Amino acid sequence: MKFFVDTADVDAIRELHDLGMVDGVTTNPSLILKSGRDILEVTKEICSIVEGPVSAEVVAVDADAMIAEGRKLAGIAENIAVKVPLTWAGLKACKVLTDEGRMVNVTLCFSANQALLAAKAGATFISPFIGRLDDMNIDGLELISDIRIIYDNYGFETQILAASIRSANHMSEAAKIGADVATAPPNVIKAMAGHPLTDKGLAQFLKDWEKTGQKIL
Ligand code: E4P
């Protein structure tokens, strides 16, 4: 499973990238707001750090305007994936932009039918939002599983990009289901390293080492 980082925080992206943890980046208007930076400028900087797909989201709601914004965003760098919402207009924009050879990430997907339409429209990525479904007491991981079955049944090449990930558990479950990509905030990726038994075991080892009176360096 590829790891995308769900942030527009350049320092956080750089830190994870240096560890080989970043196969791509996803941003959205809320994350651009949080960064406090200009969308074109920050996206360009992210694209200079990360070789893989960097999603930049359109904000228009009609298809022609989405296409125009998508073309502008795609002009930032070769590795831009234009992010469009899963609306009828978004699907139209997806078809036009993918026919032009651009990567498109169809976002805000909350049902298997929506994912089926995105694949038919040629989406490079479909972004089902796990956490926001869980927030409504609907099993977000089940949606990932349903889309996996449907795409495999018919050989759709659209990549399943598990999004709205809130916990390390979401990451391993998405990987077990066979999501192609998971995008998570930096803190979730870091939390994947944590385990209480690791902490406990390390504390014991350090305590015993102290008693040996030895030094390695
Ligand atoms: C995906 O591309 C979105 O940017 C993101 O995963 C949304 O996550 P949230 O529901 O935590 O805002």
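Separation of segment 169-194 and segment 94-161, taken as the distance between their Cα centroids, equals 17 angstrom. For the listed peptides 44-56, 131-143, 166-178, 201-213, a ranking on the average number of other beta carbons within 10 Å per residue, highest first, reads 44-56, 166-178, 131-143, 201-213.
Quick one: how many lysine pairs in the chain have C-alpha atoms under 15 angstrom apart, if they're 8 or more apart or on different chains?
On the way: 2/176; 44/72; 72/83; 83/92; 83/95; 92/120; 95/120; 207/215.
So the count works out to 8.
With a 1.4 Å probe and every protein chain kept in, tell me what percent of the accessible surface of segment 81-187 is carbon plus sulfur. After summing per-atom areas, the C and S share lands at 52 percent. Peptides 6-14, 121-129 ranked from most to least packed, by the mean per-residue count of other Cβ atoms within 10 Å: 121-129, 6-14. When you count the other C-beta atoms within 10 angstrom of each residue and take the mean per peptide, 111-120, 78-87 line up highest first as 78-87, 111-120.
The values are calculated or read from the model by the stated rules, or taken from the named source; none is laboratory data. Values in this document were obtained by computation on a predicted structure and should not be read as measured data. When we count neighbours, we look across all protein chains shown, and the Cβ atoms used for this are built from the backbone with ideal geometry, even at glycine. Keep in mind that these areas ignore ligands, DNA and RNA; they rest on the heavy atoms of the full protein, side chains included. Shrake-Rupley method; radii C 1.70, N 1.55, O 1.52, S 1.80 Å.
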